[in-house]
Amino acid sequence: MNNIRYMTIGVTAVLSIIISASAAVQAQNVIEVIRTSEQHTIFAELLAETQMDELLTKEGPFTVLAPTDAAFENMGAELAEIRKNKDQLQNLVIGHLFNDEIPPSEIEQAKNVNVTQGNLKASNGTVHVIDEVLID
């Protein structure tokens with residue numbers, strides 16, 4: 001009888017830890033997901049430069065297409081030129097933000113882009129990792 005009681009307490013404790021960890025991951029908003037990603041440091045900088053990071057702390061739901069640092073590095077000098085022009089920079093960043101939750105398959109078709117990692121859930125939306133920068 002005591003073994004069953006101890007086993008029940010143990011299982012309850014493990015489930016509590018799992019549920020708490022899952023809730024902690026969901027507690028991050030989309031900007032926090034991007035900021036904590038090692039492969040999105042440049043995008044996080046651009047969101048801050050344009051003050052779009054403030055918008056992405058709001059309720060949402062948002063879908064963010066997050067180009068990797070490698071995608072930005074592939075732009076070469078073009079990124080430096082865009083950063084000099086605030087309007088161009090803002091347009092570039094806004095082109096990666098959507099005011100709704102959109103599944104990766106729809107994004108890939110609509111934007112003709114490769115989603116390398118989709119459905120990174122956040123408290124106020126979803127982040128999809130892409131391997132190129134969208135320039136209109």
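Since every read-out is calculated from the coordinates, none of them should be taken as a lab result. Bear in mind the structure is a predicted one, so any value in this text is a computation, not a measurement. Positions of Cβ are generated from backbone atoms using ideal geometry, with glycine treated the same way; all protein chains shown enter the neighbour counts.
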Taking Cα centroids, how far is segment 95-136 from segment 46-64 in Å? 14
Relative exposure of Glu45, Glu106, judged by other C-beta atoms within 10 Å (fewest first): Glu106, Glu45
Net +/- balance of residues flanking Thr50 in space, Cβ distance below 13 Å, scoring K and R +1, D and E -1: -3
Kindly put Ile34, Ile102, Ile94 in sequence by how many other C-beta atoms sit within 10 Å of each C-beta, fewest to most. Ile94, Ile102, Ile34
Pop a pseudo-label 7 angstrom from the Cα along the beta-carbon direction at both Glu106 and Gln51 and give the gap in nm to one decimal. 3.0
Once phi is turned into θ = phi - 60°, what whole-Hz ³J(HN,Hα) does the Karplus curve with 6.51, -1.76 and 1.60 give for every residue of segment 87-93, x standing for Gly and Pro? 5, 4, 5, 4, 4, 4, 5
Using modelled amide H (1.01 Å from N, peptide plane; none on Pro or chain starts), what sits under 5 Å from the amide H of Ala122, excluding residues fewer than 5 places away? Val127
Using the Cα centre as the reference, give the magnitude of the dipole from point charges on the C-beta atoms of segment 29-130 (Lys, Arg: +1; Asp, Glu: -1; all else neutral), rounded to the nearest 20 debye. 40
